[in-house]
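Written out below as structure tokens is the structure these notes cover.
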Number of protein chains: 2
Amino acid sequence: MKKLINAADSVVTDALRGIAAAHPELRVDPENRIVLRASGPRPGKVGLVSGGGSGHEPLHGGFVGYGMLDAACPGEVFTSPVPDQVIEASTAVHGGAGVLHVVKNYTGDVLNFQLAAELCAEEGLEVASVLVDDDVAVRDSLHTAGRRGTGAAVFVEKVAGALAEEGAPLAEVARVAREVNARSRSFGIALSACTTPAAGEPTFELGEAEVELGIGIHGEPGRARSAMAGARELVRTAVEAVDEDLPVSGDVLVMLNGMGGTPLIELYVAFAEVAGLLADRGARVARSLVGNYVTSLDMQGFSVTVCRLTGELTRLWDAPVQTPALRWGR
Amino acid sequence: MKKLINAADSVVTDALRGIAAAHPELRVDPENRIVLRASGPRPGKVGLVSGGGSGHEPLHGGFVGYGMLDAACPGEVFTSPVPDQVIEASTAVHGGAGVLHVVKNYTGDVLNFQLAAELCAEEGLEVASVLVDDDVAVRDSLHTAGRRGTGAAVFVEKVAGALAEEGAPLAEVARVAREVNARSRSFGIALSACTTPAAGEPTFELGEAEVELGIGIHGEPGRARSAMAGARELVRTAVEAVDEDLPVSGDVLVMLNGMGGTPLIELYVAFAEVAGLLADRGARVARSLVGNYVTSLDMQGFSVTVCRLTGELTRLWDAPVQTPALRWGR
């Protein structure tokens, strides 16, 4: 597996230099690994901070901007950010109305964000946290107690970010963030393993005729190995897993997410199947995203995330957003 | 190489069904393979039509919408659309002000668009054509006389689409489209071959320690094989090839494009190098795109496209656009 990098130990810093060069509307600190809006905190607005291991781009740095995050803290590849990053980011985005931490449920992320929140509180900075744990594939796993957090992070950040932009107080922004997570479920399938720059070898072995059902975004094992099958059958497995956990119905927001190495033409093939299966179950795809949003380096595969919408969530999803990876409405 | 598809012969139709499900603002005909704006032609506006083989998504269907294309005609994978598609699309988007065909320089595309234009003219529909031939890698190649057309198609469609939206006449829209092409140059490098669904095997052999310099977007040979190297060195090769052909200077629009199988974190690593090399040459990255825009199925690699901006081109680049793959400003 070849990688378009300079060196394994400089990948995150080098990528952040690229983000800085491409997005002057962001303020990027490649050394301390913080991505901020260049416009700075807005007085009276709740600040939104997220972060996690690198290798999932555009998550989270690609979602910093108007109507979404105020800051992202990227860790090393597949490694949690450290508390100092989170503290610095939280302080930088604090506009006097407190800060919401959006944390995917991985043990390292949970601990480091928690420690950062406690240290912020000691300095008088009010912090609320929302845990994202939408992945129905497995309960407890490598790196996680309980469910893993994956695609719903995008939905939580978008919807909570829109409410924060309207000037809602911290408790309200945290409430809607938790509601989005509670109404969202995900399931992913890997067609190939990913290769971290440091290891240089695939994180696991997957035969030419096999897929991993319920894959995690760091290559953690899923529910089972299965025989490679057509898009229709693979998508059915994912949608059924989601539907079994929280029956799909009504208007739904759907993300058909690529894992990083699967081309867009295949993601659209899969999305056609998702839309058909949801319609069969009486749900309507009211809003959707198709593309690479929560990746796992060069892994081939996809995940499906479904959120059961409400009127409020639809309105906030539709609100203007201006980030590198999501932009509309202004 | 596993593919997330149902069957090799239904990939394009299935993907178009997915595009239809994801983008209600488009009118997609999966059988006849035409992607249109659902809003229909606007009286007095020049219609923009492009197309080409599938496998390069989001090109061209992902660029249909306000401020860019009015229609796209996708052929089979790596195969030109047929004249009937182009005629039907041209007729559908004609708002009384004529139609511009944006054609990448591949022999099949050129012939089929030309035939379609002649047949449209016989029916009294005025058509102008612009040929995109920005790839400096090789002169003449498999499928092409002269230079191949690649990344500049995105720039041409965006800028000409903006001018058409303003109500400019056909001759003016064609003039600015040709100007964008004349000011743009591209060079691509493959780290891996791509695999077409029909073949099921890589289109060429590339060793673990090799890259293909000047790769075409269908896996056509480039200038040379070379040893795998770091991002800095590979990017230098691409930027030097572009600069040798048309010296970079002043304000430039730059696309660091992924070939489909290279993750975003690596594209940002490469973009940091592009920005540095352009600055060394006295050029300023005034506008940029980093991501998968003109892909080659699952190929790993990247291309760099540089356009020397003018005040007019910058203004039209910044104009509002609302398509699946590019959107801003409204």
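Per-residue answers, yes or no, for (1) outside the structural domain of A:GLY52 (by TED's automatic domain parsing); (2) hydroxyl-bearing (Ser, Thr, Tyr); (3) within 20 Å of the chain's Cα centre (by Cα):
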| site | (1), (2), (3) |
| --- | --- |
| A:GLY276 | yes, no, no |
| A:ASP280 | yes, no, no |
| A:ALA286 | yes, no, no |
| A:MET299 | yes, no, yes |
| A:SER303 | yes, yes, yes |
| A:ALA319 | yes, no, yes |
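If the condition is being touching a residue at least 40 places away in the same chain (Cβ under 8 Å) and of a type in the set (Ser, Thr, Tyr), then region A:1-18 contributes no residue at all. Screening A:GLY219, A:GLY146 for residues that are closer than 23 Å to A:GLY52 by Cα and more than 14 Å from chain B (Cβ to nearest Cβ) leaves exactly one candidate, A:GLY146. Residues that are hydrophobic (A, V, I, L, M, F, W, C), surrounded by fewer than 24 Cβ atoms within 10 Å (Cβ to Cβ) and at pLDDT 95 or above number at least 1 in the following strands (runs of 3 or more DSSP E) confined to region A:59-166: A:71-77, A:127-132. Of the residues screened, B:ALA193 is not one that is part of a helix (DSSP H, G or I), at pLDDT 95 or above and among the aliphatic types (A, V, I, L, M). Mind listing just one residue for me: the one in region B:239-279 that is β-branched (Val, Ile, Thr) and in contact (Cβ under 8 Å) with a residue 40 or more places away in the chain and, of those, nearest to the other protein chains (Cβ to nearest Cβ)? If we take residues in region B:239-279 being β-branched (Val, Ile, Thr) and in contact (Cβ under 8 Å) with a residue 40 or more places away in the chain, then B:THR262 is nearest to the other protein chains (Cβ to nearest Cβ). Going by the structure shown, is B:THR314 at pLDDT 95 or above, closer than 23 Å to B:ALA162 by Cα and more than 10 Å from chain A (Cβ to nearest Cβ)? When the stated conditions are applied, B:THR314 passes them.
Evaluation of A:ARG17 against the conditions (1) assigned to a helix (DSSP H, G or I); (2) over 30 Å from B:GLU212 (Cβ atoms) shows that the sole unmet condition is (2). Looking across region A:202-216 at every residue that is away from chain B (no Cβ under 12 Å) and touching a residue at least 40 places away in the same chain (Cβ under 8 Å), the one that is surrounded by the most Cβ atoms within 10 Å (Cβ to Cβ) is identified as A:ILE215. Residue check: is A:ARG327 within 12 Å of chain B (Cβ to nearest Cβ) and of a type in the set (Lys, Arg)? Yes, satisfied.
One residue stands out among those in region B:280-298 that are closer than 23 Å to B:GLY311 by Cα and not basic (Lys, Arg): the one that is farthest from the other protein chains (Cβ to nearest Cβ), which is B:GLY282. Scanning region B:20-36 for residues that are more than 18 Å from the chain's Cα centre (by Cα) and either in a loop (DSSP other than H, G, I, E, B) or under 25 Å from A:VAL252 (Cβ atoms) (or both) returns B:ALA20, B:ALA21, B:ALA22, B:HIS23, B:PRO24, B:GLU25, B:LEU26, B:ARG27, B:VAL28, B:PRO30, B:GLU31, B:ASN32. Is it the case that A:HIS56 is facing chain B (nearest Cβ under 9 Å), within 18 Å of A:VAL86 (Cβ to Cβ) and surrounded by 22 or more Cβ atoms within 10 Å (Cβ to Cβ)? The answer is yes for A:HIS56. Looking only at region A:109-135, residues that are over 21 Å from A:ARG175 (Cβ atoms) and either touching a strand residue (DSSP E or B) at 6+ places or on another chain (Cβ under 6 Å) or in contact (Cβ under 8 Å) with a residue 40 or more places away in the chain (or both) come to 2 in all. For region A:22-43, the criterion of being surrounded by fewer than 21 Cβ atoms within 10 Å (Cβ to Cβ) and hydrophobic (A, V, I, L, M, F, W, C) is met by at least one residue. Taking the criterion of being over 21 Å from the mean Cα position of the chain (by Cα) and not small (Gly, Ala, Ser), the residues of region A:89-114 that qualify are A:THR91, A:HIS94.
The values are calculated or read from the model by the stated rules, or taken from the named source; none is laboratory data. Everything numeric here is computed off the predicted structure, so don't read it as measured data. Every residue, glycine among them, receives a Cβ derived from its backbone with ideal geometry; neighbour counts consider all protein chains shown.
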